[in-house]
Structure formats: C-alpha cells, structure tokens
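The values are calculated or read from the model by the stated rules, or taken from the named source; none is laboratory data. Here the structure is a predicted model, which is why all the values come from computation and not from measurement. Methodologically, a virtual Cβ is constructed for each residue, glycine included, from the backbone with ideal geometry; neighbour enumeration extends over all protein chains shown.
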Amino acid sequence: MTQDELKALVGQAALKYVVPGEIVGVGTGSTVNKFIDALATMKDQIKGAVSSSEASTVRLKALGIPVFDSNEVESLSVYIDGADEIDHQGHMVKGGGAALTREKIVAAQSKQFVCIADESKLVDALGAFPLPVEVIPMATARVMRQFVAMGATAAVRLKDGQPLVTDNGQHIVDVKGLKITDPVAFETEVSQWPGVVTVGVFALQKAQVCLLGTTAGVKTLNF
Ligand code: 5RP
C-alpha cells in the first residue's frame, strides 16, 4: 500500500470516533484531508466541525460541513488530527503544516485526541522530524539562539523565499538535532520562552488513541 492509501485507511477508520449529533474537532494536513473526505459521507449525522486551520475550513465548507468558531463551543468529545511523529506514550511532534497553534487550541477543548497517522510516524523518541515552533517575528533570532545553545540548529521556515506567515500572522522556526527525552518538561520549558506562541511538542495534550495505518491494516494504539 502507498503512504497515500494508508492515510485514506486511517482517515476512514477515524469515523467510528465521531459522535453523531455533535461537533467534531478537525486537525490539519494530508491525512486529515482524507478524514474530512470521509466525514462528508456522514455530514448529515453531525452538527459540524471546529477547524484548526484556514485550509481545513475551506475543505470542510466545500464539502458542505458547517464550521463553528472555537469560541462558540465549550467542549468537544473528540479531536481528530495527524502528527509528524508520535511515540509509544502518545506524545507527538506536530506543526509540519504550520497549524500547530490552532491545533493545540482545539485539542485543549477536546476530551479525546485521536491521532491518525501512517506507520512511518511512530518513533521511539521524538526529535528526528524538525520541531516546528510558532514565534512572534521580532523574537525569532533570539529563540533560534536559545535552541542553538541547546546544541540544535534552527531556521525560519520560508515560503516562496519569504518567511512563511501562519494563520495567526506569526513565523515558524524549524529546529533540527534535538533529542526530546522528556516531552512534558520540554514543552513546559519552551512554552515559557518570551516570543514563543506555541511549541510543536504535544505532550501536555497528547493523544489518547492512535490509529496507525500499516500494510496489515489499521492498528489501534491506546495510551
Ligand atoms: C499540521 C500538522 C499535521 O498534522 C502534521 O504535519 C502531519 O501532516 P500529514 O498528515 O500531512 O503528514 O501538524 O500542522
């Protein structure tokens, strides 16, 4: 099976976590796009979605799924999203699609985080994928120096030769060479650095379930 087929498999499998009659939290990325396509087949059974990015909002609306502002919704039963890496405890690195801040916001208002990913995303320790950090533009140089002092390398993510601007008007710093042995401590520390909006380690809001696409089918990991 191709990686794309594995993504479609877990996107479809996630439907069983969607609670009929409710609003579902929807993440961002190519795996989530498969989930959104699958969700459209049961759109008459749900009230709608809270979306974690402009890109997912566009796709949801195009398929006729109503999108609610997160401030309108007190709590969600479930949030479905992908990951760049997930470890055996459900800690993740996210933000490859630059949507990490809104993803953390929607995850925080959800009772259950269901991660959908192909098997290449499962790792023993976080840190192989460059860690995305959303940063206020005037702080990027200093934040990058702080990562360099930790032995890592860091660069502002570019799009068409210019710093990529997130849905929230900020920049993304991608950090390479980190070995994240204690994800909770790491997330707690970096989140406090001035200028950091969101660090792409999701450990305080980790996944409770991972639907992992493998060539043998969907494997369910519970954390
Ligand atoms: C976007 C994300 C995505 O969930 C993550 O990058 C995985 O994306 P994909 O499903 O395309 O591999 O965090 O900000």
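Worth a mention:
- For residue 172, the conditions (1) within 26 Å of residue 88 (Cα to Cα); (2) out of contact with any Phe, Trp or Tyr (no Cβ under 8 Å at 6 or more places or on another chain) all hold with the exception of (1).
- The single condition among (1) within 24 Å of residue 209 (Cα to Cα); (2) outside any strand (DSSP E or B) that residue 49 does not meet is (2).
- Failed item in (1) under 13 Å from the mean Cα position of the chain (by Cα); (2) over 15 Å from residue 28 (Cα atoms), with residue 124 passing the rest: (1)
- Among (1) within 13 Å of the chain's Cα centre (by Cα); (2) away from the ligand (no atom under 11 Å from the Cβ); (3) of a type in the set (S, T, N, Q); (4) under 28 Å from residue 182 (Cβ atoms), the one test that residue 51 misses: (4)
- Residue list for region 190-205, restricted to those being exposed (fewer than 15 other Cβ atoms within 10 Å of the Cβ) and without any contact (Cβ under 8 Å) to a residue 12 or more places away in the chain: 192
- Applying the set (1) among the small types (Gly, Ala, Ser); (2) within 30 Å of residue 50 (Cα to Cα); (3) free of Cβ contacts under 8 Å to residues at least 60 places away in the same chain to residue 117 leaves exactly one unmet item: (3).
- Residues of region 134-168 that are β-branched (Val, Ile, Thr) and either assigned by TED's automatic domain parsing to the domain that holds residue 9 or not in a strand (DSSP E or B) (or both): 136, 140, 143, 148, 165, 166.
- For region 169-192, the set of residues classified as assigned to a strand (DSSP E or B), under 14 Å from residue 135 (Cα atoms) and in contact with a helix residue (DSSP H, G or I) (Cβ under 7 Å, 6 or more places away or on another chain) consists of 171, 173, 175, listed by residue number.
- Enumeration of residues in region 110-137 that are within 11 Å of the ligand (Cβ to nearest atom), under 20 Å from residue 208 (Cα atoms) and in contact with a Lys or Arg (Cβ under 9 Å, 6 or more places away or on another chain): 115, 116, 117, 118
- Here region 18-43 is the region considered, the condition is being within 16 Å of the ligand (Cβ to nearest atom), assigned to a helix (DSSP H, G or I) and not charged (D, E, K, R), and the residue that is nearest to residue 212 (Cα to Cα) is 31.
- Tabulated pairs, region 90-110, first in the same structural domain as residue 171 (by TED's automatic domain parsing), second more than 9 Å from the ligand (Cβ to nearest atom) and at pLDDT below 95, C-beta under 9 angstrom, 6+ apart or interchain: none
- So residue 7, is it within 13 Å of the ligand (Cβ to nearest atom) and either outside any helix (DSSP H, G or I) or under 19 Å from residue 209 (Cα atoms) (or both): yes
- From 143, 173, 106, 135, residue being surrounded by 18 or more Cβ atoms within 10 Å (Cβ to Cβ), under 30 Å from residue 13 (Cβ atoms) and of a type in the set (A, V, I, L, M, F, W, C): 106
- The sole residue among 184, 197, 143 that is under 26 Å from residue 88 (Cα atoms) and among the aliphatic types (A, V, I, L, M) is 184.
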